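What follows is a short report on a single structure.
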Amino acid sequence: MRLPAALRPIRRVSQIRMYTDEPVPDEVVRALLELARWTGSSRNAQPWRFIVVRDPQTLRKLAALRPNITWLAEAPLGVAIVLEVEHAYDEGRVTERLLTGATMLGYGGGVAWFGDPEQERAAKRILGVPDTLAAHQIVMIGRPRSRDDPRPTGPRRGRRPLEELVSYERLGATKGR
Ligand SMILES: Cc1cc2nc3c(=O)[nH]c(=O)nc-3n(C[C@H](O)[C@H](O)[C@H](O)COP(=O)(O)O)c2cc1C
């Protein structure tokens with residue numbers, strides 16, 4: 001199906017792992033943070049804090065945490081998400097806003113997940129986050145250079161067809177007419 005024009009920018013949101021060297025201007029970062037700030041959260045707790053990371057040395061250290069995220073070292077900027085209260089739903093929502101906002105402004109975004117608890121602890125040390133707070137990921141932002149996945153064994157792109165995903169009235173039931 002061809003999406004209505006208003007929805008197409010959201011549909012274009014995709015994991016970007018290769019960026020140009022072009023810096024992301026402060027006003028773009030500010031706009032994305034402002035957008036993220038207005039994300040809804042459970043009981044309006046707004047459990048997130050954001051760390052804007054531009055220092056290439058810090059990015060290189062984070063990238064070295066695990067092979068699946070080495071690509072982040074080439075990105076001009078990342079926004080690490082710190083949580084006062086663990087809430088996967090809230091974290092997912094605020095992440096998607098950053099990715100969507102970046103795409104709508106002509107940039108791209110990519111999630112880099114720190115990994116297992118030990119790798120998370122290492123990431124928190126790098127970012128100055130105390131053990132009392134959670135940090136699982138950094139959302140990279142920049143001008144896309146390519147949509148390709150530089151990793152040798154990344155997941156396939158594409159999505160399951162709607163017919164596989166949607167039922168009507170009862171799970172597994174197709175539309176009568
Ligand atoms: C919770 C979560 C963790 C992810 N972690 C990583 C990661 O560590 N490295 C990476 O390259 N992509 C990571 N991704 C990105 C996914 O691989 C990507 O969203 C998925 O393959 C779909 O990509 P597409 O929208 O470009 O098709 C993560 C995504 C989510 C939602």
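By accessible area, using a 1.4 Å probe on protein heavy atoms only, the chain has 52% of its surface on carbon and sulfur. When the Kirkwood radius is taken over all Cα pairs of the stretch 1-60, what Stokes-Einstein diffusion coefficient follows at 25 °C and 0.890 mPa s, in µm²/s? So the translational diffusion coefficient is about 164 µm²/s. Beyond 29 Å, how much of the Cα-Cα pair distribution for the chain remains, as a whole percent? Tail of the P(r) past 29 Å holds 26 percent of the pairs. Taking the chain as a Gaussian network of alpha-carbon nodes connected by springs under 10 Å, the highest mean-square fluctuation of the residues 126, 138, 16 belongs to 126. Among the trypsin sites (Lys or Arg not before Pro) found in the stretch 21-130, those both in a DSSP coil and sparsely packed, with 16 or fewer other Cβ atoms within 10 Å of their Cβ, are 54. Solvent-accessible surface of the stretch 12-147, taken per residue with a 1.4 Å probe and all protein chains present: 51 Å². If R0 equals 25 Å, the separation of the Cβ atoms of residue 31 and residue 169 corresponds to a calculated FRET efficiency of about 0.05.
Take the Cα of residue 52, go 7 Å toward its beta carbon, and the backbone nitrogen atoms of the stretch 106-147 under 15 Å from that spot belong to 139-142. The angle between the Cα long axis of helix 117-127 and the main principal axis of the chain comes to about 60°, on a 0 to 90 degree scale. Working from the Cα coordinates of the stretch 132-177, the gyration tensor eigenvalues give, after taking √(5λ), semi-axes of 36, 20, 11 Å in decreasing order. Split the chain at each of the GluC sites (Glu not before Pro) in a DSSP loop with at most 12 other beta carbon atoms within 10 Å, and the longest piece is 1-85.
The values are calculated or read from the model by the stated rules, or taken from the named source; none is laboratory data. Quick caveat: nothing in here was measured; it's all calculated off a predicted structure. All Cβ positions, glycine included, derive from the backbone under ideal geometry; neighbour counts span all protein chains shown. Calculation scope for accessible area: heavy atoms of the full protein, side chains included, ligands and nucleic acids excluded. Shrake-Rupley method; radii C 1.70, N 1.55, O 1.52, S 1.80 Å.
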